[in-house]
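Every number in this text was worked out from the coordinates using simple rules, so none of it is lab data. Values in this document were obtained by computation on a predicted structure and should not be read as measured data. Backbone-built Cβ (ideal geometry, glycine too); neighbour counts: all protein chains shown.
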Amino acid sequence: GTVEHVHSIPLPNYLSRELTSTKLSSLMGLLPEAKLAWMSVDEKLYVWSYEVPFGDDLGVLPEKKRGGGASVGRSEDFCSFNVPSGQCVVSVGLVKPKKGVFKEVVKWCLVVSTPEEVLLCA
């Protein structure tokens, strides 16, 4: 069959600029089950909802630190994560959490892998 282009969603401006800092590897992908997109630049991972349009509000991303190296921008639908070991992100996926392991509010766990480790983020 033929593949047909239906719709494009541009990267948020902030992330386009982040790509220019790539030293070793940058990757992108979709997590359609949660309507999320992801992009990695070396050891940094960015995740956002592709259903929420971003304006220029991400031109400057304020850092609001949370535990585990996560930070949040002005939108609740955008977050970033630095792999603590400094290893490059090589793949990202989603898994449903086992019932009773995390708080009820956790609907998905993000699985982040590097050449040497696998991290589970909830």
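With R₀ fixed at 41 Å, the C-beta to C-beta distance from T2 to E117 puts the FRET efficiency at about 0.50. Which pairs break 28 Å Cα to Cα here: K23/K107; K44/K96; K44/K103; K44/K107? Table pairs above 28 Å Cα-Cα are K23/K107. The phi-based Karplus calculation (6.51 cos²θ - 1.76 cosθ + 1.60; θ = phi - 60°) puts the 3J(HN,Hα) values of segment 34-46 at 10, 6, 10, 10, 9, 9, 10, 10, 6, 8, 9, 10, 10 Hz, whole numbers, x for Gly and Pro. Here the Karplus curve 6.51 cos²θ - 1.76 cosθ + 1.60, taken at θ = phi - 60°, turns the phi angles of segment 11-23 into couplings of 5, x, 3, 4, 6, 4, 5, 4, 4, 5, 8, 4, 9 Hz, with x standing for Gly and Pro. Each label was represented as a point 7 Å from its Cα along the Cα-to-Cβ direction; for A34 and V90 these points are 2.2 nm apart. Charge tally for V89 (other residues, Cβ to Cβ under 14 Å; Lys, Arg +1; Asp, Glu -1): -3.
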